[in-house]
Amino acid sequence: MDAVAAARVRTMKQSALIETYEQFPLEITHASGSRLFARDGRTYWDFYGGHAVALLGHSHPAVASAIAEQASRLAFYSNALPIEIRDRAADRLCAFAGAGLERVFFCNSGAEANENALKLALQQTGRRRIAAIEGGWHGRTLLCLSATTDAKLTNPLDGLLIDSVRLRANTLEDVSKIDASCAAVIVEPIASIAGIIEMQPAFLAALRKRCDEVGAYLIYDEIQTGVGRLGRPYVAGAHGTHPDLATSAKSLANGLPIGALLMNAKVAAKVKRGDLGSTFGGGPIVCAALLAVLDTIEREDLLMQATRLGEALHRLAGVGPVRGVRGRGGLIGLELACPAKTLQHALLESGFVTGTSAIPNVMRLMPPINMPLAAVDEFAAALQRLTGLAEGSAK
Ligand SMILES: Cc1ncc(COP(=O)(O)O)c(C=O)c1O
């Protein structure tokens, strides 16, 4: 039995945990930076980042000490009381985001941020329909699923999801499908699970223009593209296109559960007391972690590092089974000459954890943005050794 199979056997022990995830066949005991350490003594480079969460690498010392310090001072109190660190986190996040996103509501996950964004749009416009991009992924709550393309999740809920219209990504002629019946259009600036499909500036600008014409809200789902992963704080504001609302989660507290709904002054002005709420949202520990993340991005010049990492990953085009590379910074799609699942398994045996996507031959990489470039060199060497996979697929 090889090491991967042995690790699989160990992780398959029965527990009360419901088996709803397809898991990697390895059991990790700890992680540091971009390295994962398995129970059997093997180490792995983490090109998956715990699904785009470990932005600064695992167990970053600045985040770990901020969490520990806040936990011993004030671990939690709800939004019934003002807490200085929550206000500081809100101010800091809005200043980091820019793009006219002046106010923020904190919640606990990406789906909750998107659910609240869509709910506010429906509530404030009085409309009952939304628009979304074909192939997009926004989460598992009912409004999020109404905007998500995944038949195996949405079909069983037929009749419960709200009316929605789909636009093909980067298809200008579809923009007119957003009409005065739509409360909002929600878009991932890079559709990640769909296979790293980047929305072109002209498409985003056309969405903005159309939303203004028909009185709909433009919502950016920046749950994967945000917090510096692409080498800029958020896509919001790029090329002069400003959304009304932007959602953030995943990397924002580098591993603690958090969601943030950022909004412009126009939307914020219509939010009444009681419209939004969450017991745990904006708790002091996650706010301390968020502040440590933003401090670290600034102190360690991580936007620049994300850009350099993206450039290094783009140089993988033509290496082994990689035919092309898409995406930016730490959100990358490798176009392969073989199925991504086949390469994923082979890379795992070589010590690299990677992701797949909705496109069978596109592999997704969402590593920490401060991953050492030496790891990319090692990854390239492993890909080179796996050239045979492409040849096998061609036969
Ligand atoms: C783009 C995007 N939006 C929303 C979500 C949902 O986030 P969460 O799993 O934190 O609810 C995800 C999760 O993968 C995502 O990738």
Quick one: in region 310-327, of everything that is touching a Gly at 6+ places or on another chain (Cβ under 6 Å) and under 18 Å from A52 (Cβ atoms), which residue is most open to solvent (accessible area, probe 1.4 Å)? R326
Members of region 49-73 that are farther than 25 Å from D221 by Cα and either in a helix (DSSP H, G or I) or among the aromatic types (F, W, Y) (or both): P61, A62, A64, S65, A66, I67, A68, E69, Q70, A71, S72, R73
By residue number, the members of region 328-356 that are part of a strand (DSSP E or B), open to solvent by 10 Å² or more (accessible area, probe 1.4 Å) and out of contact with any Lys or Arg (no Cβ under 8 Å at 6 or more places or on another chain) are R328
It is to be established whether one or more residues within region 258-279 are farther than 22 Å from I190 by Cβ, hydroxyl-bearing (S, T, Y) and within 16 Å of the ligand (Cβ to nearest atom). yes
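For region 357-386, what are the residues that are part of a helix (DSSP H, G or I) and either under 18 Å from I196 (Cβ atoms) or open to solvent by less than 40 Å² (accessible area, probe 1.4 Å) (or both)?
A375, V376, F379, A380, A382, L383
With D174, D158, D179, D163 as the choices, which residue is over 26 Å from P257 (Cα atoms) and either open to solvent by less than 10 Å² (accessible area, probe 1.4 Å) or within 16 Å of the ligand (Cβ to nearest atom) (or both)?
D174
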Just one of the numbered conditions (1) closer than 19 Å to G329 by Cα; (2) buried (at least 24 other Cβ atoms within 10 Å of the Cβ); (3) of a type outside the set (A, V, I, L, M) is not true of P201; which one? (2)
Of all residues being open to solvent by 20 Å² or more (accessible area, probe 1.4 Å), outside any loop (DSSP other than H, G, I, E, B) and in contact with a helix residue (DSSP H, G or I) (Cβ under 6 Å, 6 or more places away or on another chain) in region 96-118, which is nearest to the ligand (Cβ to nearest atom)? Just the residue, please. A111
Identify, from the list G310, G283, the residue that is in contact (Cβ under 8 Å) with a residue 40 or more places away in the chain and either closer than 30 Å to L389 by Cβ or among the charged types (D, E, K, R) (or both). G310
When every residue in region 133-153 that is outside any loop (DSSP other than H, G, I, E, B) and more than 10 Å from the ligand (Cβ to nearest atom) is compared, the one most open to solvent (accessible area, probe 1.4 Å) is K152
Can you tell me which of (1) away from the ligand (no atom under 14 Å from the Cβ); (2) within 23 Å of K270 (Cα to Cα) is the one S248 doesn't meet? (1)
Please specify each residue of region 182-198 satisfying the condition of being assigned to a strand (DSSP E or B) and surrounded by 22 or more Cβ atoms within 10 Å (Cβ to Cβ). C182, A183, A184, V185, I186, V187, I190, A191, I197
Among residues of region 227-243 being closer than 23 Å to E115 by Cβ and touching a residue at least 60 places away in the same chain (Cβ under 8 Å), the residue farthest from the ligand (Cβ to nearest atom) is H242
Could you grab the pairs with beta carbons closer than 9 Å, sequence gap of 6+ or different chains, first residue in region 14-34 and assigned by TED's automatic domain parsing to the domain that holds T354, second one of a type in the set (D, E) and outside any strand (DSSP E or B)? L26/D40; E27/D40
All but one of (1) away from the ligand (no atom under 16 Å from the Cβ); (2) open to solvent by 10 Å² or more (accessible area, probe 1.4 Å); (3) not basic (K, R) hold for L294, so report the exception by its number. (2)
Sort out which residues of region 298-327 are of a type outside the set (D, E, K, R) and either in a helix (DSSP H, G or I) or within 17 Å of S251 (Cβ to Cβ) (or both), and write them in order of number. L302, L303, M304, Q305, A306, T307, L309, G310, A312, L313, H314, G327
Looking at P321, is it at pLDDT 95 or above and in contact with a Pro (Cβ under 6 Å, 6 or more places away or on another chain)? no
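So that you can scan it fast, the table gives a plain yes or no per residue for (1) open to solvent by 10 Å² or more (accessible area, probe 1.4 Å); (2) assigned to a strand (DSSP E or B):
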residue	(1), (2)
R208	yes, no
E213	yes, no
L218	no, yes
I223	yes, no
L230	yes, no
Y234	no, no
P243	no, no
L252	no, no
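The values are calculated or read from the model by the stated rules, or taken from the named source; none is laboratory data. Because the structure is predicted, anything quoted here is derived from the model rather than measured. Quick reminder, even Gly has a Cβ in these numbers, built from the backbone with ideal geometry, and neighbours come from all protein chains shown. Each accessible area value is taken on the protein alone, full model and side chains, heavy atoms only, with ligands, DNA and RNA left out. Shrake-Rupley method; radii C 1.70, N 1.55, O 1.52, S 1.80 Å.
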